Amino acid sequence: MHTKKIVLALAGIALTACGHHRHDEPEIINERPSYLGTITAKTYDGVSDDLLTGGLGVNGLIAPTPAYADPLNPTPAELRRNAIHANYRAIQDINPAAGFTRLYGPNVDAAGVPTTGDGKIAGSEFIAYTDDGSGNQNVTLMVQIPASFDVNNPCIITGTSSGSRGIYGAIATSGEWGLKNKCAVAYSDKGSGTGLYTFDDDSVNLQNGVRATRTAAGKNSNFTPIISDADRAAFAASKPGRVAFKHAHSQQNPEKDWGKYTLQAVEFAFYMLNEQYAMYARDNTHHVVRFTPTNTITIGSSVSNGAASALLAAEQDTRGLIDGVAATEPQIQPKTATGYSIRQNGVPVTGQGKILIDYSTYAALYQPCIASTAAAPGRCTALVAKGLLTGADLAAQQADALARLRAYGWLPDSDVLQAAHALTNVLVAVTYTNAYGRFSATDQVCGFTFAPTDATGSPVPFTPAQRAASFATQNGIIGTPVYEASVGGAKAYNLGVSPSTNLADQSLDGFLCLRALATGIDPVNGNALTGTLAEQSARVRAGAAEVAATGNLHGKPAIIAAGRRDTLMVVNFNSRAYLGLNAVAEGSASQLRYVEVTNGNHFDTLTSVFPQYVIPLNVYLFRALDAMMAHLRNPAVPLPPSQVVRTTTRPDATTPLTVANLPPISLAPSPGSLISVSGTTVDVPE
């Protein structure tokens, strides 16, 4: 650990001697980090409203979305409540048969025991932007301090949002665990959170979710695109209903700073803890520092993109802010796919260490074919015509598409979920292409914009009520990809007709273009790109390179849990590859542990949709956090070794999932379940 003086000075906390002391000792003044904007604060009593459930309690989270008193003018409190409701249901399967209220959920205590309570947690919530002064970043940070915060055993848990979600995106994952365990939770929307801009009325979201015009919002806007009034008016007139959103169109490539924003959230948490609990300095104006990185345990956590943010923060942490990491299904992108090897059951895997823009654009070609029906086989038919698929009939074509995905690195475990992920990878491919290339919404990269669409697939504007509720209802990726180049006019991507095929092929030409930008190669003829496409591809690939992970956790203990059936963040591309990269970076000094959970996938909400294939992985996030906290509080408690945890699924959605289906992470797994790292070779058992 760094000394207290070095840690605090680097964190922006000054060491100042104020007044006179009998030993002339300096006071350590708690100083506000310079990047923070205005801090809004709210205290919740845990009865009428609370930190964890937005005042709804566990039963309110199960119930339908609460109504607004005035749907055209929802209040900040109503938007917050509904955002928590939406994010809980997007992350956890709220079906009791799947384990909600019994194995997990707000009413289940820190020991994993269901209680008769409603799960509400009293405490204080602080929200602020971090920005470079331009107002173009405006990354939202939030600190929640439960009333039960244990000042004698202080702890901070990070809750960076998963996906493209807003500031409450990790409330149901690491946020819930932290609050239940009497820790402060340091949240960040990482610059990709909900920020809907509608061209039609030139309106934006404020920090509290309320809508305002771009002019009225000024620097309080969550996201305002860089566009002139004249260009905005012209675009709105020519393409009514189109929208921009922060993750895709901020032109900031926020992913390159996910680690930084997570570290800033931790600094914000230290600042607020010392404001809340420390005594005043001799000047009776400032507080002295009571909680520091040397006496407070901080765990980087969250899932998916938030998990990647925790790992990146640990890699970038030069101030001793983070003590350990416990995260699941990270969207982590190794800086290299070579120098290490991954084997499963002794056989080298395919596709190790691929980056997101590569595998998402590949999936966006073939998963829609697997999801096709006899009534709408256009994507498969068009791929055959392009020489990118074989098969005499739809079944044979879909089998070939599945085989190609396997050959690219997907595991056989993912076969049953490939069709269900078609829309997800479409959204990822379009969003991240725009983000990495720093394109604006008006660039219409590969012919795509975003908008709501009607039953015919035609773009339509958001209604006033939809705009007003957008902070609570959107997951950060807003609207539907619209293919502007579709034959006959703009259509939702799934109804788009490609000019080169004249088929209803779900806008294949647009996705072939995205694939070309990801690789620099025309996917049909194999030639290198030229002209505008080559320039755009260079931008996309340069942006993707900015986000790469080093694998060096600097000796910090870490537990990554991932689902073997993950069809979005495929373990060969992400978690297994990161374990190999870490072996190269840290060698025998590594304290990284990897837990691969059979039947775990990326979306716990699929637990009741595919009960015979899927179990809730969030249970293993909480177990990983339990194990990490036990180790950090008492280093004599060992970390569990890397292992495969073999779960059991249910025959149907009505059969209750029990703890028997979800074996623990073992401190002494059987030899046949151990994952080993020898040199730079990772061996995963069958």
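The values are calculated or read from the model by the stated rules, or taken from the named source; none is laboratory data. Computed from a predicted structure; not experimentally measured. FYI the Cβ positions are ideal-geometry reconstructions off the backbone, even for glycines, and counts take in every protein chain you see. For accessibility, only protein heavy atoms count, side chains too; no ligands or nucleic acids. Shrake-Rupley method; radii C 1.70, N 1.55, O 1.52, S 1.80 Å.
The Cα atoms of segment 39-180 give a gyration tensor whose axes a ≥ b ≥ c have a/c of 1.5 or more with a/b no greater than b/c, which makes the shape oblate.
Which of the listed residues, 631, 88, 243, is farthest toward the dipole's positive end in the chain, when Lys, Arg count +1 and Asp, Glu count -1 at the beta-carbon? Working it through, the farthest residue towards the positive pole turns out to be 631.
The calculated 222 nm mean residue ellipticity attributable to helices in the chain amounts to -9000 deg cm²/dmol, summing -39500 (n - 2.57) over DSSP H runs of n ≥ 4 and dividing by all residues. Which of the residue pairs 120/260; 182/256; 219/491; 219/256; 182/246 have a Cα-Cα distance greater than 26 Å in the structure shown? Distance filter (> 26 Å) returns 120/260; 182/256; 219/491; 182/246.
Counting only Cβ charges, +1 for Lys and Arg and -1 for Asp and Glu, the dipole size of segment 166-212 around its Cα centre is about 400 debye.
Near residue 383: Cβ cut-off under 13 Å, other residues only, Lys/Arg at +1 and Asp/Glu at -1. The net charge is +1.
About its Cα centre, what dipole magnitude does the chain give when the only charges are +1 on Lys and Arg Cβ and -1 on Asp and Glu Cβ, stated in debye to the nearest 20? It works out to roughly 500 debye.
With the convex hull constructed from alpha-carbon coordinates only, segment 237-323 shows a mean projected area of 9.4 nm² over all directions.
Solvent-accessible surface of segment 116-239, taken per residue with a 1.4 Å probe and all protein chains present: 28 Å². Across all directions, the shadow cast by the convex hull of segment 641-686 built on its C-alpha atoms averages 4.1 square nanometres. Seen from residue 551, the other residues with C-beta closer than 13 Å to its C-beta sum to a net charge of +1, counting Lys and Arg as +1 and Asp and Glu as -1. Taking 7 Å steps out from each Cα toward its Cβ at residue 73 and residue 668 produces label points 6.7 nm apart. When a 1.4 Å probe is rolled over the protein heavy atoms, the share of accessible surface on the chain that falls to carbon and sulfur comes to 55 percent. Summarised as an ellipsoid, segment 171-319 has semi-axes of 37, 19, 13 Å, derived from the eigenvalues of the Cα gyration tensor scaled by 5 and square-rooted, with the largest first. Couplings for segment 103-109, taken from phi via the Karplus curve 6.51 cos²θ - 1.76 cosθ + 1.60 with θ = phi - 60°, read 9, 7, x, x, 7, 8, 6 Hz in order; Gly and Pro are left as x.
Taking Cβ atoms as reference points and 14 Å as the exclusive limit, the residues near residue 212 contribute a net charge of +2, counting Lys and Arg as +1 and Asp and Glu as -1.
Ligands, DNA and RNA are left out, and with a 1.4 angstrom probe the accessible area of segment 613-686 is 42 Å² per residue. Computed extension gain for residue 63 through residue 500, at 0.36 nm per residue and net of the alpha carbon distance, reaches 152.6 nm. A Stokes-Einstein calculation at 25 °C with viscosity 0.890 mPa s, built on the Kirkwood radius of segment 381-531 over Cα pairs, returns a diffusion coefficient of 145 µm²/s. For the chain, the convex hull spanned by the alpha carbon atoms encloses 159 Å³ per residue.
The residue among 364, 537, 620 whose Cα reaches farthest toward the positive pole of the charge dipole of the chain, with charges on the beta-carbon of Lys, Arg, Asp and Glu, is 620. Label-to-label distance for residue 113 and residue 216 is 5.2 nm, based on points extended 7 Å past Cα in the beta-carbon direction. When +1 charges are put on Lys and Arg Cβ atoms and -1 charges on Asp and Glu Cβ atoms, the dipole computed for segment 449-538 relative to its Cα centre reaches about 220 debye. Among the GluC sites (Glu not before Pro) in segment 539-606, those located in a DSSP loop and surrounded by at most 13 other Cβ atoms within 10 Å of their own Cβ are 546.
Ligands, DNA and RNA are left out, and with a 1.4 angstrom probe the accessible area of segment 372-530 is 35 Å² per residue. When Rg and the Kirkwood radius Rh are both evaluated on Cα atoms of segment 180-234, their ratio Rg/Rh stands at 1.16.
The modelled label-to-label distance for the pair residue 394/residue 374, using points 7 Å beyond Cα in the direction of Cβ, is 0.7 nm.
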